[in-house]
Amino acid sequence: MGTKETIAEMNAQFGIAGAARVVEGKGGLPKVEVTGAAAAGEMYLLGGEVTSWVPRGREETLFVSAASKWEDGKAIRGGVPVCFPWFGNKADDPKAPAHGFVRAKAWRLESVERKGDTVAVSMSTASDDGTKRLWPAEFRLVHRATFGAELTMELEMRNTGSAPLRFEEALHTYFRVEDITKVRVRGLDGIRYIDKTDGFKEKTQLGDVVIGKETDNVYLGTAHAVEIEDPAMRRRIRVSKENSLATVVWNPWFEKAKAMSDMGDDEWRQFVCVETCNVAKHAVTLEPGAQHRMKAVVSVEES
Ligand code: TA6
């Protein structure tokens, strides 16, 4: 799509009766609203971001802050922000936007496909003069989300330039929970991690991850699936992954949450971020013309 197409034009091109519509979302921003047989969901063109996934017969799985900004150029607080081409602060430029620049950009809607009882939505973004000022690289990034009994998110990065590229990437997923103090994250026992709340010290995880204070752990060298046990909601969320060697577990706790203008003071209790990523020593190097695809698969069951 060359010019800024209207929502009606995108709906005419990509809408599927009874399964998917392109509509005006919060802040008048365009989103794809999915009403498939196996799941409902939504994905905003802002950041190519999934903000809702509701498997049939279940409750919302993702958290979005009631205080989120809904403006082009500003990241959505919640859902699944796509962090790229760096994670956290840019090492050589503290003024650069945290977590890279693609989560605050309008992406292009590439396709909406119904396959059986699932609906797959693909959005893309690519290098331009603006991105090159922040990161002198040529790239194309496609985020393909499949809304079904599972939520599958694939981040496909292609180096379209003539020089090798090194980048970090994360699907920074905010999972909705009833009460963070009762949550346990399983599957990281014995894994080394960087504790960003304790001087970036390297530590070893002992048993399940429980959250009783600000938690900001970058688990390294792990391709494992993790499970989020949410006893208060009587549900277990499982996150498995492909081509990802790091997992981040984050909750700001009340102090940090209070300092965030796009987070309600008590909302810290209602989510845990479990992020599928390649960051720090697991940053990806891509030769010219090469492609890398990181995948996260989310499922929910009664517990
Ligand atoms: O993934 C955890 C983290 O890196 C935390 O350090 C915190 O900064 C969080 O991301 C949210 O970052 P944001 O830029 O979205 O406020």
Measuring from label point to label point, each 7 Å out along Cα→Cβ, what is the residue 232 to residue 58 span in nm?
1.9 nm
On a straight-distance basis, which aspartates and glutamates could pair with residue 256 in a cross-link, Cα separation under 12 angstrom, same-chain partners fewer than 8 positions away excluded?
214, 216, 265, 266, 267
Computed over segment 3-302, Cα set: Rg, Dmax in Å
18.3, 53
Per residue, accessible area of the chain with a 1.4 Å probe, heavy atoms of protein chains only, in Å², comes to 43 Å²
Expressed in angstrom and rounded, the centroid-to-centroid distance over alpha carbons for segment 260-303 and segment 68-140 is 13 Å
Charge dipole magnitude, Cβ of K and R +1, D and E -1 - the chain, Cα centre, debye nearest 20:
260 debye
Order 233, 123 by their accessible area, 1.4 angstrom probe, all chains in place, largest first.
233, 123
Mind scanning 196/241; 69/105; 74/213; 26/69; 90/281; 201/281 and naming the pairs with a C-alpha gap bigger than 18 Å?
196/241; 74/213
What is the local net charge at residue 137, summed over the other residues whose Cβ is closer than 12 Å to its Cβ (Lys, Arg +1; Asp, Glu -1)?
+3
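For 247, 197, what's the largest-to-smallest order of accessible area, 1.4 Å probe?
Sorted by accessible area, descending: 197, 247.
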Taking the chain and counting helices only, DSSP H stretches of n ≥ 4 at -39,500 (n - 2.57) each over all residues, the nearest-500 ellipticity at 222 nm comes to -1500 deg cm²/dmol
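Would you mind classifying segment 198-252 by shape? Square roots of the alpha carbon gyration tensor eigenvalues, ordered a ≥ b ≥ c; an a/c under 1.5 is rounded, otherwise it is prolate if a/b is larger than b/c and oblate if not.
Because a/c hits 1.5 or more and a/b fails to exceed b/c, segment 198-252 counts as oblate.
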1/(1 + (r/R0)^6) with r = Cβ-Cβ of residue 213 and residue 13, R0 = 45 Å, i.e. FRET efficiency to nearest 0.05, evaluates to 0.40
Can you compute 3J(HN,Hα) from phi for each residue in segment 162-171, using the Karplus curve 6.51 cos²θ - 1.76 cosθ + 1.60 with θ = phi - 60°, rounded to whole Hz and x for Gly and Pro?
10, 10, x, 10, 10, 9, 9, 8, 8, 9
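The values are calculated or read from the model by the stated rules, or taken from the named source; none is laboratory data. Since the model is a prediction, treat every value here as computed from it, not as a measurement. Because the Cβ atoms are built from the backbone with ideal geometry, glycine has one as well, and the counts that use them run over all protein chains shown. Just so you know, the surface numbers come from the protein's heavy atoms only, side chains and all, with ligands and any DNA or RNA stripped out. Shrake-Rupley method; radii C 1.70, N 1.55, O 1.52, S 1.80 Å.
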